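Notes to accompany the following structure.
The values are calculated or read from the model by the stated rules, or taken from the named source; none is laboratory data. Predicted, not measured: the structure shown is a model, and the values here were computed from it. Methodologically, a virtual Cβ is constructed for each residue, glycine included, from the backbone with ideal geometry; neighbour enumeration extends over all protein chains shown.
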Amino acid sequence: MFPEISITKTTSPRKKPEVGQPLPFGRNFTDHMFVMDYVRGQGWINPRIVPYAPISIEPAAMVFHYGQAVFEGLKAYKCDDGSINLFRPNCNYERMNDSNDRLVIPQVDVDFCVHATKMLVDLDKDWIPSGKGESLYIRPFVIATDPFLGVRASDTYTFFILLSPSGAYYAHGIQPVKIYVEDKYVRAVRGGTGFTKCSGNYACSLIAQTTAHDLGYEQVLWLDGVEQKYIEEVGAMNIMFVIDGKLVTPMLNGSILPGITRRSCIEIAKSLGYEVEERRVSIDEIIEAGKAGKLDECFGTGTAAVVSPVGELKYEDNIIKINNGEIGKLTQKVYDTITGIQSGKVEDTFGWVTKI
Ligand code: PLP
Ligand code: COI
């Protein structure tokens, strides 16, 4: 039995995005949010669903000073028969616990968090958009709340789940993105926090992303923090290459995020009969494969970005165009399969979907 979740319904419903209008990613929020508190000695307490509203928090709260914060991202989809699908929600809360461990934040109960997510999504189900490429983006996160300026792990935390009806992460949908390979800054180092979804990982990535944007590139591809030689991942996605007909992707090494979409795409590619290699992939190998005409496809994978074809990579003075800037055969197959399973249009032979 789970602890009871109290529900306070809103008395002033928020304005829903207009159907038929472009729906941006992550800008609109639903009527309610889930909240629970942690107090050392008492555990996670007071789970509640309340109206979405500004929160009150002390300016001395430790999250503002030392960045003790982690988050997750998953989605709910409305199916044609009116039912609602969540995609592998347990994986997100299991990964949140890995992030929590590294950031010395207490563990959450995975099954309870999935249950809370289902309750919240069910309450705000009228907000789930059903246009092409649209879904309800779910953002669980935890922040440290002790009002204290000394550096140590907080004794109190707040956990939230927000819901955001969202369209494609990239404004141009499934059109191939242009990616800038970062050769100055690094995102993660051996022994660091690269494998977690801690907020600080994203804060320190902004400088490179801003420079890339100024140069006309949408995302940054990070290289390893030791030799700046091996490919790690993109700002908000894992990365995959099709070389000589094989799917090749950087192996999980502690400094990249173990993406749930990554794991799922690997399983889909294997089920389609593709050979998959998870290994170290150097940027030189990719540039050479590109020049030799052996780099057939490249795509990013992520919850927000789904499966996103990459049409161009820039590394130092090299500009590699991939598949004439068009979506590749395997990229399209993987995209169709994963989005089909998520939205209930393709049979879920993997057992990934949780119905609400
Ligand atoms: N890498 C980074 C840095 C991310 O922020 C994300 C998004 O969550 C991913 C990879 C992809 O992970 P997932 O497929 O679990 O969303
Ligand atoms: C996600 O894909 O869920 C992410 O968290 C990526 C991002 C929006 C930071």
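The residue pairs whose first member lies in the range 230-251 and is more than 11 Å from ligand 1 (Cβ to nearest atom), whose second member is aromatic (Phe, Trp, Tyr) and not in a strand (DSSP E or B), and whose beta carbons are closer than 8 Å, counting only pairs six or more residues apart or on different chains, are GLY245/TYR274; LYS246/TYR274; LEU247/TYR274. Evaluation of ALA208 against the conditions (1) part of a helix (DSSP H, G or I); (2) closer than 23 Å to ILE322 by Cα; (3) within 17 Å of the chain's Cα centre (by Cα) shows that the sole unmet condition is (3).
One residue stands out in the range 174-200 among those that are closer than 15 Å to GLU233 by Cα and hydroxyl-bearing (Ser, Thr, Tyr): the one that is surrounded by the most Cβ atoms within 10 Å (Cβ to Cβ), namely TYR180. Flag set for ALA203, criterion: within 16 Å of ligand 1 (Cβ to nearest atom), touching a residue at least 40 places away in the same chain (Cβ under 8 Å), surrounded by fewer than 16 Cβ atoms within 10 Å (Cβ to Cβ) and under 30 Å from PRO51 (Cβ atoms). Checked against the criterion of being within 23 Å of SER199 (Cβ to Cβ) and either hydroxyl-bearing (Ser, Thr, Tyr) or in a loop (DSSP other than H, G, I, E, B) (or both), the range 5-23 contains not a single residue that satisfies it.
The set of residues from the range 288-304 being within 16 Å of ligand 2 (Cβ to nearest atom), among the hydrophobic types (A, V, I, L, M, F, W, C) and in a strand (DSSP E or B) comprises just one member, PHE299.
Among the residues of the range 67-106, just one is more than 15 Å from ligand 1 (Cβ to nearest atom), in contact (Cβ under 8 Å) with a residue 24 or more places away in the chain and in a helix (DSSP H, G or I), namely ASN100. Kindly establish whether GLU288 is over 30 Å from ARG139 (Cα atoms) and either within 14 Å of ligand 1 (Cβ to nearest atom) or without any contact (Cβ under 8 Å) to a residue 24 or more places away in the chain (or both). Answer is yes for this residue. Could you list all residues from the range 107-127 that are under 30 Å from GLY20 (Cα atoms), out of contact with any Phe, Trp or Tyr (no Cβ under 6 Å at 6 or more places or on another chain) and either part of a strand (DSSP E or B) or not hydroxyl-bearing (Ser, Thr, Tyr) (or both)? Correct list: LYS118, MET119, VAL121, ASP122, LEU123, ASP124, LYS125, ASP126, TRP127.
Working carefully through the options ARG40, ARG14, find the one that is touching an Asp or Glu at 6+ places or on another chain (Cβ under 6 Å) and over 22 Å from ILE143 (Cβ atoms).
Working: ARG40 fails: over 22 Å from ILE143 (Cβ atoms).
After applying the criteria, what remains is ARG14.
The set of residues in the range 90-118 that are closer than 19 Å to HIS32 by Cα and not hydroxyl-bearing (Ser, Thr, Tyr) comprises PHE112, CYS113, VAL114, HIS115, ALA116, LYS118. When you check GLY167 against the structure, is it surrounded by 15 or more Cβ atoms within 10 Å (Cβ to Cβ), of a type outside the set (Lys, Arg), touching an Asp or Glu at 6+ places or on another chain (Cβ under 6 Å) and over 27 Å from PRO47 (Cβ atoms), yes or no? For GLY167, the condition - surrounded by 15 or more Cβ atoms within 10 Å (Cβ to Cβ), of a type outside the set (Lys, Arg), touching an Asp or Glu at 6+ places or on another chain (Cβ under 6 Å) and over 27 Å from PRO47 (Cβ atoms) - is met. Once the range 306-356 is narrowed to residues that are within 17 Å of ILE286 (Cβ to Cβ) and either aromatic (Phe, Trp, Tyr) or out of contact with any strand residue (DSSP E or B) (no Cβ under 9 Å at 6 or more places or on another chain) (or both), the residue that is surrounded by the most Cβ atoms within 10 Å (Cβ to Cβ) is TYR315. Counting residues in the range 183-190 that are in a loop (DSSP other than H, G, I, E, B), without any contact (Cβ under 8 Å) to a residue 60 or more places away in the chain and of a type in the set (Phe, Trp, Tyr) gives one or more. Taking every residue in the range 208-222 that is at pLDDT below 95 and acidic (Asp, Glu) and pairing it with any residue that is part of a strand (DSSP E or B) and buried (at least 21 other Cβ atoms within 10 Å of the Cβ), at least 6 positions away or on another chain, the pairs with Cβ-Cβ distances below 9 Å are GLU218/VAL177; GLU218/ILE179; GLU218/TYR180. Within the range 128-142, the presence of a residue that is part of a helix (DSSP H, G or I) and touching a Phe, Trp or Tyr at 6+ places or on another chain (Cβ under 7 Å) is excluded.
Within the range 268-287, is there a residue that is touching a helix residue (DSSP H, G or I) at 6+ places or on another chain (Cβ under 7 Å), at pLDDT 95 or above, closer than 16 Å to ILE239 by Cα and part of a helix (DSSP H, G or I)? Yes, the range 268-287 has at least one match.
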